[in-house]
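Asker: My questions all concern the structure below.
Quick note: the coordinates plus some simple rules give every number you see, no bench work behind them. Fair warning: this is a prediction, and the values are worked out from it, not measured in the lab. Counting neighbours? That spans all protein chains shown, and the Cβs are built from the backbone with ideal geometry, glycine included.
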Amino acid sequence: EYVVFNGEIIERSQAKIDVEDRGYQFGDGVYEVIRVYNGKMFTANEHLERLVSSAEKIGMKLGWSIGELESLFATLIEKNGLGTGIVYMQVTRGASPRNHAFPPAGVAQTLVAYTRDMKRPVNNFANGVKTILAEDIRWLRCDIKSLNLLGNILAKQKAAEAGCYEAILHRGEKITEGSSSNIFIIKDGAVITHPANNYILNGITRQTLEKICAASGIPFIEKEFTVADLLGADEIAVGSTTSEITPVVEVDGKHVGDGAPGHVTKKLQSLFDQEIERQCGK
Ligand code: PMP
């Protein structure tokens, strides 16, 4: 089992993080998760561009280029013999004596990446998942894929304790996104999702879905919608790198539509499958 550690590929057991690494102490860093199908990364460039942009938004200029990262991760996937799974990567502001302000110039960022086998959640694709609603208590820069995930963690734990797959977050009456996914409602054949602003992470799955909809003539509308709109939707879906397009069949114990995955969601799933096949093969 190999990992990427500061630009090199080494044995996982050899990777050592300093106790004063800012990722460990403050969550001061950014991360990405890239899906791997048939040993190939899906939408790698989009993810790596978002990593660069998340880093820029917290005042970090990444010490590695997108090309360098992509080739490091491709080598890692090959060395670990990964077929279907993920690559997780994170970059922190490095190790330095504890102080909230940024460390002095010259402190090296810490880059870590590893792979994990992960099957596609095909049962969820077919049967849908249950969800709960939870108040969105996170900060106001949810567009940054930051290591600070406490608001997301507490919401996801609430869902897990309720036997649910995801917590759908709302700020007052407005639905924002899931604890680790974007939320799509389907009404009268149109896909509706929260605008890509500071209240949500602009998911790569969300962006892929937008392109798929444009190419297939399915209306994709970015606008705010309410808890009432969610509960009155014809269909609901969650989207993320690991969940792909997963139908939601229950919110807070109430059925969505007739309680089974809807036909627009199924269409989106099949178009998403085709995109995976196009990029990564069958
Ligand atoms: N929102 C949040 C809060 C997330 O953690 C994720 C998963 N990374 C997403 C949305 C979906 O993003 P993506 O499609 O890029 O995985």
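Asker: Could you list R278, R116 so that the one with the fewest beta carbons within 10 Å of its beta carbon is first and the one with the most is last?
Answerer: On the way: R278 10, R116 14.
With the fewest neighbours first, R278, R116 line up as R278, R116.
Asker: So how long is each side of the chain along the principal axes, counting just the alpha-carbon atoms, biggest first, in Å?
Answerer: Cα spread of the chain along its principal axes, largest to smallest: 56, 42, 33 Å.
Asker: Within 10 Å of each residue's Cβ, count the other Cβ atoms and sort E8, E210 from fewest upward. If you can, show how the numbers build up before the last one.
Answerer: Working: E8 12, E210 18.
So the residues, fewest neighbours to most, are E8, E210.
Asker: Cut-off is 10 Å between beta-carbons; in what order do W139, W64 appear when sorted fewest neighbours first?
Answerer: On the way: W139 11, W64 19.
Listing W139, W64 from fewest to most nearby Cβ atoms yields W139, W64.
Asker: Please compute one quarter of the surface area of the Cα convex hull for segment 2-117 and express it in square nanometres.
Answerer: Details: hull surface 27.1 nm².
Answer in nm², one decimal: 6.8.
Asker: Right, next: From the cross-link list K119/K158; K174/K211; K16/K145; K223/K266; K57/K158; K79/K130, which pairs have alpha carbons spaced over 32 Å apart?
Answerer: Going by Cα-Cα distance, K79/K130 fall outside the 32 Å limit.
Asker: Report, to the nearest 10°, how far helix 44-57 tilts away from the longest principal axis of the Cα atoms in the chain, using its own Cα long axis and a range of 0 to 90°.
Answerer: Computed tilt is about 70 degrees.
Asker: Applying the Karplus parametrisation 6.51 cos²θ - 1.76 cosθ + 1.60 with θ = phi - 60° to the phi angles of segment 172-187, what ³J(HN,Hα) value in whole Hz is obtained for each residue in order, glycine and proline being reported as x?
Answerer: Using θ = phi - 60°, the values come out as x, 7, 8, 6, 9, 7, x, 5, 9, 6, 9, 10, 10, 10, 10, 9 Hz.
Asker: Now for a separate question. Can you give the angle from 0 to 90° between the axis of helix 66-79 and the longest principal axis of the chain, with both taken from C-alpha atoms, to the nearest 10?
Answerer: So the inclination is approximately 90 degrees.
Asker: Check I221: other-chain or 5+ apart residues with amide H under 5 Å from its amide H, H built from backbone geometry?
Answerer: Sorted by chain and number, the residues that satisfy this are V191, I192, T193.
Asker: Pop a pseudo-label 7 angstrom from the Cα along the beta-carbon direction at both A196 and A101 and give the gap in nm to one decimal.
Answerer: 3.6 nm
Asker: Out of I245, H263, Q274, whose Cα points farthest toward the positive end of the dipole of segment 231-282 (charges: +1 Lys, Arg; -1 Asp, Glu; placed on Cβ)?
Answerer: Q274
Asker: What value, in deg cm²/dmol to 500, does the helix sum -39500 (n - 2.57) over DSSP H runs of n ≥ 4 give at 222 nm once divided by the residues of the chain? Walk me through the numbers on the way to the answer.
Answerer: Numbers: 8 runs with 87 residues, N = 282.
Counting only the DSSP helices, I get -9500 deg cm²/dmol.
Asker: Here is a follow-up. Please report, in debye to the nearest 20, how large the charge dipole of segment 2-117 is about its Cα centre when each Lys and Arg carries +1 at its beta carbon and each Asp and Glu carries -1 there.
Answerer: Numbers: 12 positive and 14 negative charges, 35 e Å.
That gives a dipole near 160 debye.
Asker: Amide H to amide H under 5 Å from D143: which residues, 5+ apart in sequence or cross-chain, H placed 1.01 Å off N in plane?
Answerer: Residues meeting the amide H criterion: I200.
Asker: Can you tell me the relative contact order of the chain? Whole percent, Cα pairs under 8 Å, sequence separation 6 or more.
Answerer: 18 percent
Asker: Still on this structure, I have one more. Starting at the first residue of segment 6-19, write each ³J(HN,Hα) from the Karplus equation 6.51 cos²θ - 1.76 cosθ + 1.60 with θ = phi - 60°, in whole Hz, x for Gly and Pro.
Answerer: 6, x, 10, 9, 9, 5, 3, 5, 8, 7, 10, 9, 5, 5
Asker: How big is the dipole moment of segment 154-274 about its Cα centre under a simple scheme where the beta carbon of each Lys and Arg is +1, that of each Asp and Glu is -1, and everything else is neutral? Debye, nearest 20, please. Walk me through the intermediate numbers first.
Answerer: Values: 11 positive and 16 negative charges, 44 e Å.
My answer is approximately 220 debye.
Asker: Who wins for biggest fluctuation among A162, A134, A113 in a Gaussian network model of the chain, springs between alpha carbons below 10 Å?
Answerer: Highest fluctuation of the listed residues: A162.
Asker: Measure off 7 Å from each Cα along the Cα-to-Cβ vector at K187 and K119, then give the distance between these two points in nanometres to one decimal.
Answerer: With each label point 7 Å from Cα toward Cβ, the separation is 3.7 nm.
Asker: Under 5 Å between amide hydrogens, which residues at least 5 positions from I168 or on another chain qualify, with H placed 1.01 Å from N in the peptide plane?
Answerer: HN-HN under 5 Å from I168: I132, L133, A134.
Asker: Using only the Cα atoms of segment 107-177, build the gyration tensor, take square roots of its eigenvalues as a ≥ b ≥ c, and label the shape rounded, prolate or oblate: rounded if a/c is under 1.5, else prolate if a/b is larger than b/c, else oblate. Walk me through the numbers before you get to the answer.
Answerer: Details: a/c = 2.37, a/b = 1.15, b/c = 2.07.
It comes out oblate by the Cα gyration axes.
Asker: Here's a follow-up. Which ³J(HN,Hα) values, rounded to whole Hz and listed in residue order, are derived for segment 245-260 from phi using the Karplus coefficients 6.51, -1.76 and 1.60 in 6.51 cos²θ - 1.76 cosθ + 1.60 with θ = phi - 60°, glycine and proline given as x?
Answerer: 3J(HN,Hα) across segment 245-260, in whole Hz: 10, 10, x, 9, 10, 8, 10, 6, x, 9, 5, 8, x, 8, x, 10.
Asker: Which three extents, in angstrom, do the Cα atoms of segment 122-280 have along their principal axes, listed largest first?
Answerer: Cα spread of segment 122-280 along its principal axes, largest to smallest: 36, 33, 27 Å.
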